[in-house]
Amino acid sequence: MNKILIANRGEIAARIIRTAKKMRIKTVLIYAPQDAGATYLKEADETVLLPGASLSDTYLNIDAIIATVKATNADAVHPGYGFLSENALFAKACRDNGITFIGPTPEAMEAMGNKIAARTVATKAGVPVTQGITGTVEELLQRYHQIPFPILIKAAAGGGGKGMRVVQTDSEIKEALEATAREAKNYFGDGTVYIEKYIENPRHIEVQVLGDSFGNMIHLYERECTLQRRHQKIIEEAGSPTLTPEVREQICAAAVQLAASIGYQNAGTLEFLVAPDLSFYFLEMNTRIQVEHPVTELTTGIDIVEQQIRIARGKQLTLLQKDVQQKGHAIECRIYAEDPEQQFLPSPGKMSFYKEPYGENIRIDGMLLQSGDIISGDFDPMICKLITYGTDREAARKKMIEALNHYFIYGIKNNSSFLLGLVQHPDFIENNISTKYIDTHLDDLLSHFKNEQEKQNSLTPLSAALVFGFRAKHPEAKNIWQQIGYWRNVPLLELNLSGQTFNLDIKTSTYPFVQFEYAGTLYNAQLENQGDHQYNIQLNDAAYPVTIFEDQPGSYIVRYNGFDFTIWRNDILHIAADAIAPAAAVTSKTGAITAPMPGKVIKVAVEEGAVVKKGDLLLIVEAMKMENNILSPLDGVIRKINVKENDKVTVNIVLVELDVSGK
């Protein structure tokens, strides 16, 4: 194996290249037009553009990828995760063309890639599964009552949290079945769905296995992937803080037993639901490398991608089960371009500032992003994976807090602050969680995080922004008035922080020193530049470390004690003139319901003239591989629909005009 074509993009492509370089294997990387110019492309020895506007033209185009392998004289393909990684037709096409597929055989994919087939295999292997039924959407509508609520509807060919819906009542079943089947067809090319019993408050535990062509099968222990939103993981750990040593041994043995029963080769992951009493049930097998594989690598010291390549080369595993030891603890946080305050709505866009943390026991699996880069709405919204390691869970957790404190993403909504609050929450510390924890506690979590921020002394970030603003004339000021507004001596400055106005009486302003009076107290504030946006703000007799980033002239983001404070100087003239784009909402005057994100309309659920109630489904907009329901915010009548199915929409375009006058 001299050259590998990587049939993927982003962070997993960069991750595979890293190991290939270590093994002195050349790499070819395909890319879609949307990824042209991405920094991570430079890591490959060769790159090839696959033209086309859709995924079916590029990352899902089997014929084009096979042709590219031949044209570049590559002799192997690594599919990464997602896209074609679990597509048996792709694996077979590689085999038929004499190309080594770095993954399992097509037969193993067919046995385990389809969730319905995998449940049958598990039952035959003596591994417990939950009660379930299969059939067409029409058949399931007739038979769903055979399983007591709550039930889980799943795409047979699904993965990555896509194609899953929990149903609690009869009234939800029809729409849920149709939506899951539609999503399954869109993402996986197979609209088959099935129903299984939903286990309340479960844990999600998975076991990493490696198998070679000589019949050897080992496990690399388990990962806990319980913290999820929208059925997608956002925090993973190795090992699990939930399992007892006895259950750990049982679940790992079951995983090996199940994978060995089909002669599985290469890396794979067996996923289980674990009930509160620690009984466990086979969920599915992922016949590929997992997003969360780094936590296993850090706790076992084993490069899983390297093992994948060795097995694909026909090498025998040199690892025996007794050689694999789980040492220490690792935590992975998935950093996403999404807005936790809007039900994790995808938030693509341009990052005005981007800076990753670094240091001992901190690992970043990313795509070499930089300030000014754009997170596209055409792909999954994950920005990168942040992984920390420690001698135990608490050490790994504290290292994660440190890392998230030094992770800066500005210009787009993202979940880094949410993750920072989560790993500091008592429920995470005490491991009082389930797969539904975030979904059911989101409002409480957001309120808790807001309260924690409000406990901070706002005068510290306020004074840091104040002194910073006096440093010089602003080079990007558009006219003399803005320049003057930036540095002129004003005895009374008005600053805004989180909707609250602060009036500061400036006594002296000679950068980096400012003396001001606030609420009858005199303060001496001095800023010491530590480099790379890091500062110490000396406020009277105390010093505080802060990070200051200027979002735009007169607008500053100050990170203090792990919280971001946005501060505006109201005397900078352009700020008063700036118009803030409205969020997705309806107004009583215009009744305009706008798109909250760029995407594609995949369903229009109402017609013009229809009477709707608050909460009724109006449209579904797909963005960044997620379906987002646009609901009616008020009772009213549909006056006009401005879009149709398959239309692409931009932020704040008016989708529907709603008459809420009651006439």
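For this structure, a couple of remarks:
- Between helix 10-22 and the chain: long-axis angle, C-alpha atoms, 0 to 90°, nearest 10: 70 degrees
- For the chain: relative contact order, % (alpha-carbon pairs under 8 angstrom, 6 or more apart): 9 percent
- For the chain, the gyration tensor built on C-alpha atoms gives a prolate shape. Its axis ratio a/c (a ≥ b ≥ c) is at least 1.5, and a/b is the larger of a/b and b/c.
- Rounded FRET efficiency, nearest 0.05, which uses the C-beta distance separating ASP303 from ASN503 and R0 of 41 Å: 0.10
- Peptides 354-360, 195-201 ordered by packing proxy, namely the average of other Cβ atoms within 10 Å per residue, highest first: 195-201, 354-360.
- Extension gain for GLU394-LYS450 works out to 17.8 nm (0.36 nm per residue, less the C-alpha to C-alpha distance).
- For the chain, the longest principal axis of the alpha carbon atoms and the long axis of helix 62-71 meet at an angle near 90°.
- Among beta bridges from DSSP that stay inside the chain, the antiparallel ones total about 90%.
- Label-to-label distance, nm, for residues given as ALA519 and SER661 (7 Å Cα→Cβ offset): 4.9 nm
- Positive dipole terminus of the chain, leading residue within VAL621, GLN257, ILE133 (C-beta point charges): GLN257
- Sorted by Cβ neighbour density within 10 Å, fewest at the top, the residues ARG203, ARG310, ARG24: ARG24, ARG310, ARG203
- For the pair PHE149 and ALA117, a Förster radius of 35 Å applied to the C-beta separation gives a FRET efficiency near 0.85, rounded to the nearest 0.05.
- The stretch between VAL611 and ASP57 holds 195.4 nm of extra length on full extension. This uses 0.36 nm per residue minus the Cα-Cα distance.
- With the cut-off at under 13 Å, measuring from each backbone N in the range 505-545 to a point 7 Å along the Cα-to-Cβ line of ASN561 picks out 544-545.
- Angle between the chain longest axis and helix 393-405 axis [Cα atoms, degrees, rounded to 10]: 50 degrees
- Each other residue within a Cβ distance under 13 Å of GLU206 adds +1 if Lys or Arg and -1 if Asp or Glu, for a net charge of -3.
- Amide H contacts of ASN652 (H built 1.01 Å from N, in plane; Pro and chain starts excluded): ALA595, MET597 sit under 5 Å, all sequence-distant by 5 or more or on other chains.
- Ordering of 536-548, 313-325, 106-118, 386-398 by burial proxy (mean other Cβ atoms within 10 Å per residue, highest first): 106-118, 386-398, 536-548, 313-325
- Ranked by how many other Cβ atoms sit within 10 Å of their own Cβ, fewest first, the residues PHE353, PHE90, PHE408 fall in the order PHE353, PHE408, PHE90.
- In nm, spacing of pseudo-spin labels at GLN250 and GLN342 (7 Å Cα→C-beta vector): 4.6 nm
- Using Cβ point charges alone (K and R +1, D and E -1), the dipole size of the range 3-102 about the Cα centre works out to roughly 440 debye.
- With neighbours defined as other Cβ atoms within 10 Å of a residue's Cβ, the residues THR521, THR296, THR435 order from fewest to most as THR521, THR435, THR296.
- Given charges at Cβ of Lys, Arg, Asp, Glu: the chain dipole, positive-most of ILE302, ILE16, LEU320: ILE16
- Using the Karplus relation 6.51 cos²θ - 1.76 cosθ + 1.60 with θ = phi - 60°, the per-residue 3J(HN,Hα) values for the range 556-569 come to 10, 10, 10, 8, 9, 6, x, 10, 9, 10, 9, 10, 10, 9 Hz, with x marking Gly and Pro.
- Under 18 Å from the Cα of LYS413 - lysines, other chains or at least 8 residues apart: LYS350, LYS355, LYS385, LYS450, LYS625
- Extension reserve of the HIS441-ARG639 stretch, reckoned as 0.36 nm per residue once the Cα distance is removed: 67.7 nm
- Note on LYS70 and SER279: the model spin-label points, each 7 Å out from Cα along the C-beta direction, lie 5.4 nm apart.
- Within the chain: Cβ-based charge dipole about Cα centre, in debye rounded to nearest 20 (Lys, Arg +1; Asp, Glu -1): 1060 debye
Here, each number is a calculation from the coordinates, and none is a lab measurement. If you're wondering where the values come from, they're calculated on a predicted model, not measured in any experiment. FYI the Cβ positions are ideal-geometry reconstructions off the backbone, even for glycines, and counts take in every protein chain you see.
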